[in-house]
1. Looking at region 138-156, can you tell me whether even one residue there is over 19 Å from the mean Cα position of the chain (by Cα), within 30 Å of residue 88 (Cα to Cα) and surrounded by fewer than 15 Cβ atoms within 10 Å (Cβ to Cβ)?
2. Do any helices (runs of 4 or more DSSP H) entirely within region 67-177 hold 3 or more residues that are closer than 30 Å to residue 4 by Cα and touching a strand residue (DSSP E or B) at 6+ places or on another chain (Cβ under 9 Å), and if so, which?
3. Quick one: how many residues across region 171-199 are within 27 Å of the chain's Cα centre (by Cα) and at pLDDT 85 or above?
4. Taking helices (runs of 4 or more DSSP H) that fall entirely within region 227-296, which contain at least 3 residues that are at pLDDT 90 or above and surrounded by 13 or more Cβ atoms within 10 Å (Cβ to Cβ)?
5. Quick one: which residue in 87, 116, 146 is within 13 Å of residue 12 (Cα to Cα) and either out of contact with any helix residue (DSSP H, G or I) (no Cβ under 6 Å at 6 or more places or on another chain) or assigned by TED's automatic domain parsing to the domain that holds residue 61 (or both)?
6. Name the one entry in 188, 206, 199 that is out of contact with any strand residue (DSSP E or B) (no Cβ under 9 Å at 6 or more places or on another chain) and either within 27 Å of residue 173 (Cα to Cα) or surrounded by 15 or more Cβ atoms within 10 Å (Cβ to Cβ) (or both).
7. What single numbered condition from (1) modelled with pLDDT of 90 or more; (2) assigned by TED's automatic domain parsing to the domain that holds residue 250 fails to hold for residue 135?
8. Within region 229-259, which residues are under 25 Å from the mean Cα position of the chain (by Cα) and under 27 Å from residue 183 (Cα atoms)?
C-alpha cells in the first residue's frame, strides 16, 4: 500500500502513545481513522491534535470507547465504524492496544495475568475476527499487530532460581494429533466421523474443485482416516525419538528444544530470512503439509 490517502484505518489504543501518533500520521496522510480506547478524554485529545495538524478535505476522525478484551464491545465498535464512516470496508487495521502487567507468578495476581492476556492476545483475535470481513471487501488491506521484544524471552525473577524451564518446538512428529484434534474439536470420543463432518468434508472437496458425485460417505471417512494414519506413519521423527530428545534437554539444562532435523532446518531458514517467512515460495514443514493436504479439511 503506497498511499494512505482516501483509506479508512482502524486503530486500537488511539488515546495515547504509539496509537495516538499512528492516528495523527494516518490523518496527515489523508486517511480517515476510527480509533478506540478505554478513555474518551484521551481520544478527544488525539482528535484535537489531528485538527491542529490540519485535516485534509474528506478526512474523518471518530472516537469509540472500547475495551478490546470484551468481544461484545469489539463487535459494537465494528458496527459503529461501518455506520459513522458510512462504509462496508476498511483498508487498515492496527491492533496496537496493549497493557504491561502479568508480572510474577509468585507475587502478582491471577487477575492481572488474565487481563493482560485478554487485552494483548484476545484483543488482537477479537479485532481481527470482527474487522476481517470489512478488510476483505476492500481492494487492498493491511493488518498490523503490535507485539514486543519481550516476546523474545521471559523475564526471570529471583523467587525460585532452582527451578528451570524448557520450551519444546517439535517439527513433524509421528503422533495421532490429526485424528485426536478432529475428535476434540468435534466433541467426540471415537475416530469415526459424524454425518455432519462428512458433509463439511464433502463441501470442502467441492470448494477445491473435486467432483464428489461418485465418492461415497464411507470413501470420505476412509480417505480422512488414511490421512491421519499417514501423518503418524510417515513422519521423519517418531514420538519415542521426540521424547528422548526432550528428556535429554532436561538433563543437559537446555531451555530451547528443537525436535527433529526439519525443525532445526526451518529455524535456521526463518532466522536467516525472517521477512520471507510468509512468502508463498518460502516453504515450511513440507512433508507434513503434503500429508495434511491429502484429504479434505473439515473447517
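The values are calculated or read from the model by the stated rules, or taken from the named source; none is laboratory data. These numbers come from a predicted model, not from an experiment. No Cβ is skipped: glycine too gets one built from the backbone with ideal geometry, and neighbour counts run over all protein chains shown.
1. yes
2. Numbers: elements: 71-84, 110-117, 123-137.
Output list reads 71-84, 123-137.
3. The number of residues fulfilling the criteria is 5.
4. On the way: elements: 239-252, 261-272, 286-292.
Ranges flagged: 239-252, 261-272.
5. Numbers: 87 fails: within 13 Å of residue 12 (Cα to Cα); 116 fails: within 13 Å of residue 12 (Cα to Cα).
Going through 87, 116, 146 in turn, the sole match is 146.
6. Values: 206 fails: either within 27 Å of residue 173 (Cα to Cα) or surrounded by 15 or more Cβ atoms within 10 Å (Cβ to Cβ) (or both); 199 fails: either within 27 Å of residue 173 (Cα to Cα) or surrounded by 15 or more Cβ atoms within 10 Å (Cβ to Cβ) (or both).
Only one candidate qualifies: 188.
7. The one condition residue 135 does not meet is (2).
8. Of all residues in region 229-259, those under 25 Å from the mean Cα position of the chain (by Cα) come to 231, 255-259.
Selection gives 231, 259.
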